[in-house]
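Participant: Just dropping this structure here.
The values are calculated or read from the model by the stated rules, or taken from the named source; none is laboratory data. Quick caveat: nothing in here was measured; it's all calculated off a predicted structure. So basically every Cβ, Gly included, is an ideal-geometry build from the backbone, and we count neighbours across all protein chains shown.
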There are 4 protein chains.
Amino acid sequence: MIIALKKGIRAEEQAHLLQWLENQGVRTHISEGEFQTIIGLVGDTTRIDMDLIRGLEFVDNVTRISEPFKKANRKFHPEDTVVRVKNCTAAFGGGNFGLIAGPCSVESEAQVETIARAVKASGASVLRGGAFKPRTSPYDFQGLHEEGIRILSEVKKLTGLPIITEIMDISHLPLFEDVDIIQVGARNMQNFELLKELGRTDKPILLKRGLANNIKELLMSAEYIMAGGNEQVILCERGVRTFETYTRNTLDLSAVAVLHELSHLPVVVDPSHATGAARYVKPMALAAAACGADGLMIEVHNDPPHALCDGPQSLTPEQFADVAKAVGKIREAITQ
Amino acid sequence: MIIALKKGIRAEEQAHLLQWLENQGVRTHISEGEFQTIIGLVGDTTRIDMDLIRGLEFVDNVTRISEPFKKANRKFHPEDTVVRVKNCTAAFGGGNFGLIAGPCSVESEAQVETIARAVKASGASVLRGGAFKPRTSPYDFQGLHEEGIRILSEVKKLTGLPIITEIMDISHLPLFEDVDIIQVGARNMQNFELLKELGRTDKPILLKRGLANNIKELLMSAEYIMAGGNEQVILCERGVRTFETYTRNTLDLSAVAVLHELSHLPVVVDPSHATGAARYVKPMALAAAACGADGLMIEVHNDPPHALCDGPQSLTPEQFADVAKAVGKIREAITQ
Amino acid sequence: MIIALKKGIRAEEQAHLLQWLENQGVRTHISEGEFQTIIGLVGDTTRIDMDLIRGLEFVDNVTRISEPFKKANRKFHPEDTVVRVKNCTAAFGGGNFGLIAGPCSVESEAQVETIARAVKASGASVLRGGAFKPRTSPYDFQGLHEEGIRILSEVKKLTGLPIITEIMDISHLPLFEDVDIIQVGARNMQNFELLKELGRTDKPILLKRGLANNIKELLMSAEYIMAGGNEQVILCERGVRTFETYTRNTLDLSAVAVLHELSHLPVVVDPSHATGAARYVKPMALAAAACGADGLMIEVHNDPPHALCDGPQSLTPEQFADVAKAVGKIREAITQ
Amino acid sequence: MIIALKKGIRAEEQAHLLQWLENQGVRTHISEGEFQTIIGLVGDTTRIDMDLIRGLEFVDNVTRISEPFKKANRKFHPEDTVVRVKNCTAAFGGGNFGLIAGPCSVESEAQVETIARAVKASGASVLRGGAFKPRTSPYDFQGLHEEGIRILSEVKKLTGLPIITEIMDISHLPLFEDVDIIQVGARNMQNFELLKELGRTDKPILLKRGLANNIKELLMSAEYIMAGGNEQVILCERGVRTFETYTRNTLDLSAVAVLHELSHLPVVVDPSHATGAARYVKPMALAAAACGADGLMIEVHNDPPHALCDGPQSLTPEQFADVAKAVGKIREAITQ
């Protein structure tokens, strides 16, 4: 970390700052320039709060040279992390590609079972389905809650597919006992109390990037979970907010490459939520596979035109089969 | 709501859609154009889920003509709502201007008391102080928690100033019994489970706009609280994320004018968090007062240079006194 | 186009508006709702200025149902446009894939020739090179200007590769006689006077999307060129501004799919400028090919580490050969 | 400027970089840290191209400690610049407040004269009017061009008000002989060839901030003009693009405070274009005055409801008179 001081800082202010920094466990190097004095910090600066220092009247600016995340950082953990789901073959990262598919919302056991059997036949390794739904309007459908999770568990028993579903509040955690991967949605990416609690569980966590959050913030949120002891985090790129309106959000595929460089954690892409339209899912799924994603999360519904909830962005099981096959070809092409 | 259908929609699909819409309790008007068929919805469309419809393959686009919020909507509630704090004179809206001031984080009773007495003397009507702090890094200071709230309550008894502090999780709600106004931070603006729970309390809620959320989303989040029965919501503009880096966020003061037009709820501005720098707080506080804000929320610390936490954006009590006086002059100028 | 009027509009205002609309050559359909009166416009609304209408005091909102672009619109021109470069085999669109490669800035004839021969051998069909460089700072290198174009022309003669280079001002147009494709940079995407002038030329134009412009605006700028008579426009996605800082911009690959749906024009992707880092160029080039781009534009330099200008985002000729080969495999995989 | 090198850089690479830097005229200080080597640059780093260095494979990151603008920089020019219009009293900066008013588009001499006389009576010191209009669609009205400027000149003679109008292309410069202040629109803020040319004129330039440009980029564009010799630049904040849709853009009033800190140039605010709605112009004009703007630029039309072009955001002369009076009161309140 580099701290540039303003011209005219008083000696006692500078001494006070240096003292405080040393107390934080880092060593300081001072270089007096013609126009500016610069303090370099050496040691573990992860725990130094940049905002605190930037706020000081006599500080001109502060730059972090090393990243503020540690457990998620590839520098300290060069090997890819492989996140495996217990008692099944699903795995993400280190060459393992996971295909997560299922309906946006759980509607009924029959619906979920039909979809689960179809996507499993096409190669999906994890079943998704929303039980708790974050909706912008209090008047929109909020999900089946407990009943939704019960249905997913039932279908898991019937099909052998492990299940993933979203958590929206700490108090719901007991309901997730049977859930194999817990999903944190984009709007909760910085619900720090929730992240801390998930850090105390022993289940894989799929952490979605917030709509206006950058890659560093995503990794800092992963760090919250990992700092609690749970290192099985799957990162998920699902589009960010931009000025574009033809797609719901803008899928940031370069994030896949950047995350693989900065972190050892697996990266999954969700083209369904990112684009918000079924017709864009295939091209984006292929693109995600081509740039090295460790998995995909795709919405599939057995009857999108009649399912007024999943319609817009859900594939039919037939379309999913086609996408899964095409993704397979892309993966072959990049690993030849 | 207006639904534009794609050319070539089949008769049965159109009939199915119309049936479904009528079942939602709205009436439909169809107008067949040269290039496009358009369905107009009449009645209470608040509960119609636009995304559901937009997702249908044969729908070209959907436009909401009336706003999706109801209880927060000035159309149905033309008079300004005045949010009053129990057992004291603090009030927001309808000509009442509230001045909230205090430290970013609660550090000690002595600190909070000193600041509280100073800001009260300068005209502050509510004391703020952070007990639970949302931080991007798990390694940054997270607040004093229960002890922080205890200190605030103590100072409330000593000074008579009502208190406001931020809630980060539903499970903490019992700790907030003595708190007069509960604050929902920007990162939790769409923590819908939390909003629902706060809708069941009888305390005023100060709801901060999310960093990348628009005005409609802010009002929809207010609607979540109000739909639960609690209509005492104070909206708070605290800056949005833009490409600007000289300020922490970009204060959107036109939001004050827009919110006053769309909603009857009071609007408070937080120039401290928006700008992230003490030297910009005064000009932004004056600007907020000039464009009609119903209150201000300002960070004040008795010793910013030594308080390594509040430094960057906190005013000294003396600076706060100066700002409060200047704000008073602006309010006189606009109400003359 | 749909115009929703405010409640309480006076009869004469409404009549005046209807008269004005009819004078613009469109027919109007009025539907009086319970809460709102809605005017539907039928006919060619391309020339109706939405902003004018939105500004009227008694108008609540205006929605365009059909797109405001016409010549670029696939609805009126369902077949893919193929943009071909005269006297050579380079072509974009309709199944033709064009590979544009070369240095960011033209430095010397020897440099350009070396790179041109290398990229041609790897499959590039067009040579790029900057002669006029738009730089944020007046103190940064601005390009070789006329001399740069002379060098490109010379190398074109030597290698047979057609050339593309950026124009920054109308007055430079005479210098571009020998240039095969004229590039309009992101910062000039809305330099409307320049676009109009290029509409009067008979050369293919590669139009880059502006850093904060959406897809509709890109197509409206293409429309400016096409309205002048020049329909050979190649659209170029080169990343948009977001809050991400690890990459220079955020490559919006879903724009490829959206542009192919809305327009018949070919779409090229520039992963070099989008990411700003050589190490991200390959994954993004593969992703672009996988989602159906009609070409790529890639920076190549014979000696990136010593070329202090092109270094960051340029590939070596060897790296380019590797990318070109991998792109070929992806294209095979998606067209099998 | 601080350059952080990657671990494992080879000695010869480092030596090569140092040599190159010294050749650019700066001195280098090296500090070898545990994890990283850091190079500090001392001297005039304005001309060092950060992107060049950031692109080098062995560089981890580059930070500018001092600003890359010089002539616009308050550090080197502590006194406020006052931009005065020749042969009249209009002035901006250093305590001078300029009120620019007039129609969006010049329609006729009668129209412009009526408006000019009205706004002059209310205190306007400069008359604005668009002759060349940048429009997103080629089918929208593009202005009266030469005839528009002729009309403005005529009205200038009649009323004595100096005139400001927008330039869209270098080739139009000869038409601007009679124009007192030349405006560069938001879309041309980075039309560098145009800026360079304006740097060779001796007229004040009003430079509008681009829709997605940050403050540093605005100052770099001012630097382009000033580097050419013309130091009479008025900066204009006119809103930036955000995710908000109720207002056309988001007026960034904190930019006024930041620009006043970083630069000695005067800052004018345009609430009409920023908000796009007449009803928000007054609150934003008052806010701009309250935070210290050196002037306002406001659209006024004699008959907004019938002027289908200026309607949405134009004030009537009566409304303008009211705003001007209220602005005067705010200016008194802040200077008491």
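Participant: Which of the residues spanning the range A:5-29 are modelled with pLDDT of 80 or more and touching a Ser or Thr at 6+ places or on another chain (Cβ under 8 Å)?
Facilitator: Matches in the range A:5-29: A:LEU5, A:ILE9, A:GLN14, A:LEU18, A:LEU21, A:GLU22, A:VAL26.
Participant: Tell me the residue from D:ALA212, D:ALA278, D:ALA274 that is assigned by TED's automatic domain parsing to the domain that holds D:MET297, touching a Lys or Arg at 6+ places or on another chain (Cβ under 6 Å) and more than 30 Å from C:PHE132 (Cβ to Cβ), please.
Facilitator: D:ALA274
Participant: For the range D:226-237, does any single residue satisfy the condition of being of a type in the set (Val, Ile, Thr), modelled with pLDDT under 95 and not assigned by TED's automatic domain parsing to the domain that holds D:THR46? Walk me through how you get there before you give the answer.
Facilitator: As a first pass, look at the range D:226-237 and keep what is of a type in the set (Val, Ile, Thr): D:233-234.
Of the ones still in play, those that are also modelled with pLDDT under 95 are none.
Checking the range D:226-237: not a single residue is of a type in the set (Val, Ile, Thr), modelled with pLDDT under 95 and not assigned by TED's automatic domain parsing to the domain that holds D:THR46.
Participant: Only residues in the range A:54-75 that are more than 27 Å from A:GLY228 (Cβ to Cβ) count as the first member; pair them with residues that are β-branched (Val, Ile, Thr) and in a loop (DSSP other than H, G, I, E, B), Cβ under 6 angstrom, at least 6 apart or cross-chain, and list the lot.
Facilitator: Cβ pairs passing all conditions: A:PHE58/A:ILE9.
Participant: Which of the residues belonging to the range D:105-127 are hydrophobic (A, V, I, L, M, F, W, C), under 17 Å from D:ILE149 (Cα atoms) and assigned to a loop (DSSP other than H, G, I, E, B)?
Facilitator: Residues of the range D:105-127 that are hydrophobic (A, V, I, L, M, F, W, C), as a first pass: D:106, D:110, D:112, D:115-116, D:118-119, D:121, D:124, D:126-127.
Now narrow it down to the ones that are under 17 Å from D:ILE149 (Cα atoms): D:106, D:110, D:112, D:115-116, D:126-127.
Within the range D:105-127, D:VAL106 is the sole residue that qualifies.
Participant: Here are some residues: B:PHE92, B:PHE176, B:PHE132. Which one is touching a Pro at 6+ places or on another chain (Cβ under 6 Å), under 17 Å from B:LEU207 (Cβ atoms) and among the aromatic types (Phe, Trp, Tyr)? So that I can check it myself, show each step before the final result.
Facilitator: Working: B:PHE176 fails: touching a Pro at 6+ places or on another chain (Cβ under 6 Å); B:PHE132 fails: touching a Pro at 6+ places or on another chain (Cβ under 6 Å).
The conditions single out B:PHE92.
Participant: Can you spot a residue in the range D:39-56 that is touching a His at 6+ places or on another chain (Cβ under 8 Å) and farther than 22 Å from A:SER66 by Cβ?
Facilitator: Yes, the conditions are met somewhere in the range D:39-56.
Participant: Now, a different point. Which condition number does A:GLY148 fail, the rest of (1) at pLDDT 95 or above; (2) surrounded by 24 or more Cβ atoms within 10 Å (Cβ to Cβ); (3) among the small types (Gly, Ala, Ser) being met?
Facilitator: (2)
Participant: Do you know which of the residues in the range C:274-304 that are assigned to a loop (DSSP other than H, G, I, E, B) and within 9 Å of another protein chain (Cβ to nearest Cβ) is farthest from A:VAL327 (Cα to Cα)?
Facilitator: So, considering only residues that are assigned to a loop (DSSP other than H, G, I, E, B) and within 9 Å of another protein chain (Cβ to nearest Cβ), the one farthest from A:VAL327 (Cα to Cα) is C:PRO304.
Participant: Return only the number of the condition from (1) charged (D, E, K, R); (2) under 24 Å from B:ALA91 (Cβ atoms); (3) in contact with an Asp or Glu (Cβ under 8 Å, 6 or more places away or on another chain) that B:ASP169 does not satisfy.
Facilitator: Going through the list (1) charged (D, E, K, R); (2) under 24 Å from B:ALA91 (Cβ atoms); (3) in contact with an Asp or Glu (Cβ under 8 Å, 6 or more places away or on another chain), B:ASP169 breaks only (2).
Participant: Report yes if D:ILE48 is of a type outside the set (Ser, Thr, Tyr) and in contact with a helix residue (DSSP H, G or I) (Cβ under 8 Å, 6 or more places away or on another chain), otherwise no.
Facilitator: Answer is yes for this residue.
Participant: Can we say A:GLY199 is of a type in the set (Gly, Ala, Ser), in contact (Cβ under 8 Å) with a residue 24 or more places away in the chain, under 27 Å from A:GLU79 (Cα atoms) and within 11 Å of chain B (Cβ to nearest Cβ)? Spell out how you get there, then give the answer.
Facilitator: Numbers: of a type in the set (Gly, Ala, Ser): yes; in contact (Cβ under 8 Å) with a residue 24 or more places away in the chain: yes; under 27 Å from A:GLU79 (Cα atoms): yes; within 11 Å of chain B (Cβ to nearest Cβ): yes.
Against the criterion (of a type in the set (Gly, Ala, Ser), in contact (Cβ under 8 Å) with a residue 24 or more places away in the chain, under 27 Å from A:GLU79 (Cα atoms) and within 11 Å of chain B (Cβ to nearest Cβ)), A:GLY199 qualifies.
Participant: Of A:GLU13, A:GLU22, which residue is of a type in the set (Asp, Glu), under 37 Å from the mean Cα position of the chain (by Cα) and over 21 Å from D:LYS75 (Cα atoms)?
Facilitator: Values: A:GLU13 fails: under 37 Å from the mean Cα position of the chain (by Cα).
On inspection, the qualifying residue turns out to be A:GLU22.
Participant: A:PRO271 fails exactly one of the following numbered conditions: (1) free of Cβ contacts under 8 Å to residues at least 60 places away in the same chain; (2) within 14 Å of chain B (Cβ to nearest Cβ); (3) crowded, with 24+ Cβ neighbours inside 10 Å; (4) closer than 25 Å to A:PHE141 by Cα. What is the number of that condition?
Facilitator: With respect to (1) free of Cβ contacts under 8 Å to residues at least 60 places away in the same chain; (2) within 14 Å of chain B (Cβ to nearest Cβ); (3) crowded, with 24+ Cβ neighbours inside 10 Å; (4) closer than 25 Å to A:PHE141 by Cα, A:PRO271 is out only on (2).
Participant: Also: Got a sec? Which strands (runs of 3 or more DSSP E) wholly within the range D:1-104 have at least 1 residues that are surrounded by 15 or more Cβ atoms within 10 Å (Cβ to Cβ), within 14 Å of chain C (Cβ to nearest Cβ) and touching a Phe, Trp or Tyr at 6+ places or on another chain (Cβ under 9 Å)?
Facilitator: D:2-5
Participant: Taking the conditions exactly as written (without any contact (Cβ under 8 Å) to a residue 60 or more places away in the chain and over 30 Å from D:GLY143 (Cα atoms)), does D:GLY292 satisfy them or not?
Facilitator: Against the criterion (without any contact (Cβ under 8 Å) to a residue 60 or more places away in the chain and over 30 Å from D:GLY143 (Cα atoms)), D:GLY292 qualifies.
Participant: Tell me the residue from C:VAL281, C:VAL323, C:VAL256, C:VAL268 that is among the β-branched types (Val, Ile, Thr), at negative phi and touching a Phe, Trp or Tyr at 6+ places or on another chain (Cβ under 8 Å), please.
Facilitator: C:VAL268
Participant: Across the range C:252-268, which residue is surrounded by the fewest Cβ atoms within 10 Å (Cβ to Cβ) among those that are within 9 Å of another protein chain (Cβ to nearest Cβ), in contact with a Pro (Cβ under 9 Å, 6 or more places away or on another chain) and not hydrophobic (A, V, I, L, M, F, W, C)?
Facilitator: Selected residue: C:HIS260.
Participant: Okay, moving on. Does B:TYR246 meet the test of being surrounded by 24 or more Cβ atoms within 10 Å (Cβ to Cβ), of a type in the set (Phe, Trp, Tyr) and assigned by TED's automatic domain parsing to the domain that holds B:ASP178? Please lay out each step first, then the result.
Facilitator: On the way: surrounded by 24 or more Cβ atoms within 10 Å (Cβ to Cβ): no; of a type in the set (Phe, Trp, Tyr): yes; assigned by TED's automatic domain parsing to the domain that holds B:ASP178: yes.
Judged against the criteria, B:TYR246 is not a match.
Participant: To continue, here is another question. How many residues does the range B:212-251 hold that are free of Cβ contacts under 8 Å to residues at least 24 places away in the same chain and either more than 13 Å from chain A (Cβ to nearest Cβ) or among the basic types (Lys, Arg) (or both)?
Facilitator: 1
Participant: Of the residues that make up the range D:258-265, is at least one within 29 Å of B:ASN213 (Cα to Cα), of a type in the set (Ser, Thr, Tyr) and part of a strand (DSSP E or B)?
Facilitator: No: the range D:258-265 contains no residue that is within 29 Å of B:ASN213 (Cα to Cα), of a type in the set (Ser, Thr, Tyr) and part of a strand (DSSP E or B).
Participant: With the requirement that a residue be small (Gly, Ala, Ser) and either without any contact (Cβ under 8 Å) to a residue 40 or more places away in the chain or facing another protein chain (nearest Cβ under 9 Å) (or both), what does the range B:165-185 give you?
Facilitator: Within the range B:165-185, just B:SER171 meets the criteria.
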